Ligand SMILES: [Zn+2]
């Protein structure tokens, strides 16, 4: 048991408590010497101080309707804008990375490709599969899809088969809870219903473990972080609130791309937000 009260083993994750020694992952064989330095997990302060990788967050990708409110348009990116943004990233030499790469960078200092970017999608909308996936594949880009399992198969949302295909094509499937309720309000059985069961369902669909989590509404607190860590999650993603210096990999920042952004605005936010 560590001195922060966690009862589960978490050998690959280290708290920043000063008295606590850096934990070291299993020894690397001498014949693989190039990997030695990249298998030493660092303390939270080091993780916190690493340059942040820009991470984009999309919701709906469709043309605006007359009934869409100004606020709704923050979450609805017209198809032409999305295509333009993805093309701009490709034309400007960006490389999409996956959460496993980000985790290895944050904890072990492992190198990332030049101009790394993570492209994430929340809420399981169908056009993330039908539109975003096909547009990104033109450039060899992969995404990260945070699924709320209650919506699977509903009109306007992805099916289980879509999620399975995304995983098979090299995208990461993460959890976005069962029904998008705020983790700050969970107690008792909520953790099982909102986190454990959705993970089980997604793992059954994809055949892969669920290791990454996106907080609904981007909202989180220390209790949620500790619950996720205890459950074996490697990292979790918020929006743009201040990060917890003791758990930087559990409050990784992202920026929502609003539908109004043109390329110069998109570029400016990417450069200034991380
Ligand atoms: Zn969401």
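Here, each number is a calculation from the coordinates, and none is a lab measurement. Only a predicted model underlies this, so the values are computations on that prediction, with no experimental measurement involved. Cβ sites come from the backbone with ideal geometry, for glycine too, and all protein chains shown count toward neighbours.
Listing for the model above:
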quantity: Separation in nanometres of the label points that stand 7 Å from Cα toward Cβ, at residue 219 and residue 79; calculated: 3.5
quantity: Paramagnetic reach from residue 92 (point 7 Å along Cα→Cβ, amide N under 18 Å) across segment 236-274; calculated: 254-274
quantity: Residues residue 265 and residue 180, FRET efficiency given R0 of 22 Å [Cβ-Cβ distance, rounded to 0.05]; calculated: 0.20
quantity: Mean Cα-pair separation over length for the chain, i.e. relative contact order, pairs under 8 Å, 6 or more apart, %; calculated: 21
quantity: Choice from 44, 224, 241 with maximal GNM fluctuation in the chain (Cα, 10 Å cutoff); calculated: 241
quantity: Crossing angle, helix 197-206 versus the chain [Cα axis fit, 0-90 degrees, rounded to tens]; calculated: 70
quantity: Taking 46, 96, 67 and counting other C-beta atoms within 10 Å, the order from fewest to most; calculated: 67, 46, 96
quantity: Label-point gap, in nm, between residue 168 and residue 154 - each point 7 angstrom along Cα→Cβ; calculated: 2.6
quantity: Degrees, to the nearest 10: 99-108 long Cα axis against longest axis of the chain; calculated: 30
quantity: Residue order, fewest to most surrounding Cβ atoms within 10 angstrom, among 61, 117, 147, 193; calculated: 193, 117, 61, 147
quantity: Calculated diffusion of segment 96-148, Stokes-Einstein form, Kirkwood radius summed over Cα pairs, 37 °C and 0.692 mPa s, µm²/s; calculated: 272
quantity: Longest to shortest principal axis, alpha-carbon extents of segment 130-229, angstrom; calculated: 43, 24, 23
quantity: Degrees separating the helix 79-91 axis from the principal Cα axis of the chain, which is the longest one; calculated: 50
quantity: Distribution of pairwise C-alpha distances over the chain, 5 Å bins, in %; calculated: 1, 5, 12, 16, 18, 17, 14, 8, 4, 2, 0, 0, 0
quantity: Fewest-first ranking of 266, 146, using other Cβ atoms within 10 Å as the exposure measure; calculated: 266, 146
quantity: Cα gyration tensor category, rounded, prolate or oblate, for segment 223-271 with a/c compared to 1.5; calculated: prolate
